[in-house]
1. If you stretched the chain out fully between Glu255 and Asp126, how much longer would it get, using 0.36 nm times the residue separation minus the C-alpha to C-alpha distance?
2. Report the one residue of Leu34, Thr153, Thr352 whose Cα lies farthest in the direction of the positive end of the charge dipole of the chain (charges on C-beta: Lys and Arg +1, Asp and Glu -1; origin at the Cα centre).
3. Using only Cα atoms, find the angle between the long axis of helix 305-319 and the longest principal axis of the chain, and express it within 0 to 90 degrees, rounded to the nearest 10.
4. As a footprinting exposure proxy, order Arg132, Arg113, Arg344 by other Cβ within 10 Å, with the fewest listed first.
5. Find how many whole Å separate the alpha carbon centroid of region 7-21 from the alpha carbon centroid of region 386-406.
6. Taking the Cα-to-Cβ direction at Lys264 and at Leu303 and moving 7 Å from each Cα, how far apart do the two end points lie in nm?
7. When a/c reaches 1.5 or more, the comparison of a/b and b/c decides; with that in mind, is the chain rounded, prolate or oblate per its Cα gyration tensor?
8. So what is the relative contact order of region 246-440, in percent, for Cα pairs below 8 Å that sit 6 or more residues apart?
Amino acid sequence: MLRTKKLAKPLRDPVTFAKKLLGWTPHEAQEQILRDRAKNLTVAAGRRFGKSECMAVSAIHYAIAHPGSIQFIIAPTYDQAQIIFDTIVRLLSRSPLIQLVDKVVYTPFPKLRFLTGSIIHARSADKPQNLRGHKAHRIILDEAGYIKDEAVTNVIEPMLADYDGDLIKIGTPAGRNHFYDSFIRGLERNEYYSSYQFPSWVNPHISREYIERKKKEYGENSIRFRTEYMAEFIDDQNAVFPWRSIQACIEEDIELLEGRTHAKQRFVFGVDVAKYLDYTVIIGIDIAQEPAKLIYFDRFQRLPWGEIARRIEDIHARFSPQAIVVDSTGAGDPLLEMVQHIARGITITGGTAITQQGNITKVPKTILVERLAAAIDNRKVIFPNIPELINELKYFEYVRTSSGSLKMEAHEGMHDDCVMALALAVFGAFHEPSLPDIDEWPFF
Ligand SMILES: Nc1ncnc2c1ncn2[C@@H]1O[C@H](COP(=O)(O)OP(=O)(O)OP(=O)(O)O)[C@@H](O)[C@H]1O
Ligand SMILES: [Mg+2]
């Protein structure tokens, strides 16, 4: 008989569990997924990454580690659900854990019960009504991108309500739906939301030649290759900053500075001030040469005004910049009061024209963002690979409002503080803030 004591150690770590008890060694990316305990875990991975096998292992580990637990594996079609279920049965049949299996049934739906009371169900999402009435501690959606939004919100998510259960979505991207929304929400990674993106070729068990052939066949930049093998959500029709343009502005080897290092440098800083739970972001660019270069990045949460003002004063002393532009909209107002001897205030409006009121310039958000978009499109500003900045740029969108007009904002669940701080810095590079066009920028 399998002793629970013998199980205690591998149970703590799903990777050890997989190796020791299932004879299955995850590749590095699968290790990351198995060890992530976020309540909402989202994984966008290319075809043949090893998504289904990894989920089979994850489900077994959870079932053994949580006696009495109920799990559902849900795939778009019955066949796909059956494949994972068969993998689970196959992995268990060659493992000492088989002694813990109570029974396996296939009709009306596949279901595996352990002697510990844990149950794993495999279902399809094509008839979501069959799922109503069930509750679960954990649900795994395989090929989540192909499961309809309505099935997820109306039927699948409520199944988790009784136990405040966990939801894992894994799959190859398929448009901008619930899978995409969860993916974005998890980019910041905390205990509630976490997400990953992996191309197919991180799976060492599939043929590299095959992938290379597909790359040639479809074209490296084709929508098909980028979606299926690179796991990108590439429908960027709504993107304010197209991915190609962002990519062209990333320079890995730009070094961030702690202060001025050369007399010729001309620094401009943008400060986007936190409202509610957002972050305050300070970005500095050096505009002495074209393209302008991001040389300072700071992002923080929940600091008192006095402390933020102290940081701005410190920047002023260390960099002696041309300009520091502070967002003084609403919450930013008290901060501007503290730093107005060294900084310029900008109030972001929903209007259409730039106006001046005392020492404050009122700037429509569209102008601020469009100037940044033009700078990025024309590679007038370059930056190192700062994940928070890059992700925010990537998922900053045009959104059509109910009245039909276009707004620009972060995708739901995503912040825009880095984008706005960079936009303020770029805007601050103007001598004359009311100049309308990028061609008239003094430095660019
Ligand atoms: N850790 C591993 N060790 C050995 N082989 C693995 C591992 N992970 C995946 N594989 C193998 O890689 C192949 C793809 O795995 P799997 O079917 O789980 O991928 P998938 O991402 O679900 O693919 P698809 O996109 O077709 O659904 C299979 O042959 C599988 O046996
Ligand atoms: Mg699969």
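A short reminder: the numbers here are calculations on the coordinates, not readings from a lab. Computed from a predicted structure; not experimentally measured. All Cβ positions, even for glycine, are placed from backbone atoms using ideal geometry, and neighbour counts span all protein chains on display.
1. Values: separation 129, 0.36 × 129 = 46.44 nm, distance 5.12 nm.
Difference between extended and current length: 41.3 nm.
2. Going by the charge dipole, the pick is Leu34.
3. Value to nearest ten degrees: 60.
4. Working: Arg132 10, Arg113 16, Arg344 19.
Least to most surrounded, the residues fall as Arg132, Arg113, Arg344.
5. Spelled out, the Cα-based centre of one part sits 42 Å from the other.
6. 3.2 nm
7. Numbers: a/c = 2.31, a/b = 2.23, b/c = 1.04.
The shape class here is prolate.
8. On the way: 362 pairs, mean separation 52.4, N = 195.
With pairs under 8 Å counted, the relative contact order is 27 percent.
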